[in-house]
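Engineer: The structure under discussion is supplied below as C-alpha cells; questions concerning it will follow.
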Amino acid sequence: MALHQLWLVERFDLSAWCGGGFGMFSTTDGWGTRHLHAVALSPNFRTTLEIPPELEEDASRALALPTEERLRAFARALAERAPRDLEAPEAIRIDVFARRHDVETLAPHGERLRSIELRLDAALSGP
Amino acid sequence: MTLALRLTLVALLLHPIGSGMLRPAFLALAVAGLVLPRVLHHPALWLALAALAGGRVVAGWPLADNHAYLLAYWALAAGLSLLAPDPSRALAWNGRALVALAFAFAAFWKLLSPDYLDGRFFRVTLVEDRRFERLATTLGGIDADSLLERRAFVSQHADGREPGRDAAPEPARLRALALAATWLTLALEAAVALAFLAPLGGRDWLRHVLLLSFCATTYAVAPVAGFGWLLLAMGASQCAADARRTRFAYVGTFTLLVFYAGLAVRSSPW
C-alpha cells in the first residue's frame, strides 16, 4: 500500500499526506493547500463555476489525487450544473494548483499540477 | 498482549472514528472488547474491526489519514495473531514490523521532500496551522499580531507568481525553532525506525525508550493523539509479561497523551 502511494505521488500528483504512505508532516503540499478553478467555456463567455456543496467532497478528492479520470468525472458533474442562461457552454475546464513557497521569504505561488478540458457534448454522452 | 489490545480499544473510545453507521459500530466493538474478557481475545472482534477500518479507508479514498490505514493493519494483525499458536509472540512481531515500517516511511518521505529538508515545512506550519499557535508564540517568540499577519501572508491565494502582500518579518527564533523541529523530528523518526528494524539482542529496552520518548514529546505538539495511542499499543505488544515497569511506562505515556489531547481541545480557537 505504501509503495503504491509512492507511485501515485510520483505519477499522478497524489498529495504525500494521503494514500497511506506515512507522508504526513513531510511537505506543505497537503490537499487542503491545493485549489482548483473550474470554468465553463463558450464562444463568447468564460464563466467561473462555483463548486456546489454536494460536490465539495468530490472536489477534495480531486485535489488530493488529480488524475485525468477523476477530473473528467468532476467536470461532468459540474457540467450538469453549469449555468446555461446566457449561452450554452461548450466545454468545462479545470485547473488544479498546488501552493509552493519561496525558499527564503515563504511567499506562496501556485504551480499548476494538472488541467483538463472536457467538451460538453462528450460530457453528456460519455459514461 | 492484553495491555496492547486494551489500549487499542480505549483509543477507539477516546477518539471515536468513522461517520454514519461506522462510528457506533466501532464504539460497540470497542466496548464489547473492554467489558468482556473473552471477546477481547477473540479473533472475530479484531477481524471485524479490521473490516470496519478497511472499509473506512476505502470509503474515504484517497483522503483518509495515515492512522486510518495503521488501525486497519493493526486490527488485522491482532485478529490473525489470535489465530496463531503463540498469539503474544505473533502480535509482538507484527507490532514491531508496523512501527518499523511506519517510521521508516515517515522518515523516507521527509528525506525525499525538498520543502521539508530546507525547513520550509515547519516554517509555514508553525504560523499557518492554528494547532501550533501556542508553540510558535511561546518558543518561537512571535507575537499574536505578527503571527496573524504572517499566517495571512503564507496562506494567500496564488495561481502563479504574481506579487502578493507583504509580510511581517520572520523572527529569528521562530526560524530557529522550525529548523530544530525539522531535524529533531527526522532524527527521532529515523532512530525509532532503525531500532525497530534492527536486531538489538539484549538491548530491546532501546526500542521502548525511543518510542516512548517520541510519543511523549511529539504529541505534546502535534495534534494527532490518535496516532500516538495506536503506536503505544503496538509498543506495549513488545513488553514481556513480567516487564511491569515498561508496561507502566506505556500506560503512563498513553495517559499523558490523553492530557495533551484535552489541552489541545481547550486551547483550540474553534
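The values are calculated or read from the model by the stated rules, or taken from the named source; none is laboratory data. Predicted, not measured: the structure shown is a model, and the values here were computed from it. Here the Cβ positions follow ideal geometry from the backbone for every residue, glycine too, while neighbour counts run over all protein chains shown. With ligands, DNA and RNA removed, areas are computed over all heavy atoms of the protein, side chains included. Shrake-Rupley method; radii C 1.70, N 1.55, O 1.52, S 1.80 Å.
Engineer: Take region B:131-181 and flag every residue that is modelled with pLDDT of 90 or more and either in contact with a His (Cβ under 9 Å, 6 or more places away or on another chain) or basic (Lys, Arg) (or both).
Structural biologist: Listed by number, the residues that qualify are B:Arg150, B:Arg151, B:Val154, B:Arg173, B:Arg175.
Engineer: Which residues, taken from region B:112-149, are more than 19 Å from the chain's Cα centre (by Cα), buried (at least 21 other Cβ atoms within 10 Å of the Cβ) and among the hydroxyl-bearing types (Ser, Thr, Tyr)?
Structural biologist: none
Engineer: Also, I was wondering about something else. For region A:29-46: of the residues being touching a residue at least 60 places away in the same chain (Cβ under 8 Å) and within 17 Å of A:Ser115 (Cβ to Cβ), which is farthest from the chain's Cα centre (by Cα)?
Structural biologist: That would be A:Leu41.
Engineer: Further question on the same structure: Give, as residue ranges, the helices (runs of 4 or more DSSP H) completely inside region A:1-119 that count at least 1 residues that are of a type outside the set (Val, Ile, Thr) and at pLDDT below 90.
Structural biologist: Per the criteria, A:2-12, A:68-79.
Engineer: Separate question: Just a yes or no: is a residue in region B:193-211 surrounded by 15 or more Cβ atoms within 10 Å (Cβ to Cβ), within 14 Å of chain A (Cβ to nearest Cβ) and among the aliphatic types (A, V, I, L, M)?
Structural biologist: For region B:193-211, residues surrounded by 15 or more Cβ atoms within 10 Å (Cβ to Cβ), within 14 Å of chain A (Cβ to nearest Cβ) and among the aliphatic types (A, V, I, L, M): present.
Engineer: A further question follows. Output the residue which, of all residues in region B:154-174 that are part of a helix (DSSP H, G or I) and buried (at least 17 other Cβ atoms within 10 Å of the Cβ), is farthest from the other protein chains (Cβ to nearest Cβ).
Structural biologist: For region B:154-174, the residue satisfying everything is B:Leu174.
Residues are listed down the side, and each one gets a yes or a no for (1) touching a helix residue (DSSP H, G or I) at 6+ places or on another chain (Cβ under 9 Å); (2) away from chain B (no Cβ under 14 Å):
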residue: A:Ser42; (1), (2): no, yes
residue: A:Pro52; (1), (2): yes, yes
residue: A:Ala59; (1), (2): yes, no
residue: A:Arg72; (1), (2): yes, yes
residue: A:Pro89; (1), (2): yes, yes
residue: A:Asp95; (1), (2): no, no
residue: A:Ala107; (1), (2): yes, no
residue: A:Arg119; (1), (2): no, yes
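Engineer: Go over the candidates B:Ala78, B:Ala44, B:Ala102, B:Ala53 one by one and state the one that is at the interface with chain A (Cβ under 9 Å from one of its Cβ atoms) and open to solvent by less than 60 Å² (accessible area, probe 1.4 Å).
Structural biologist: B:Ala102
Engineer: Say whether the condition of being surrounded by 17 or more Cβ atoms within 10 Å (Cβ to Cβ), at negative phi and away from chain A (no Cβ under 14 Å) is met by at least one residue in region B:61-69.
Structural biologist: no
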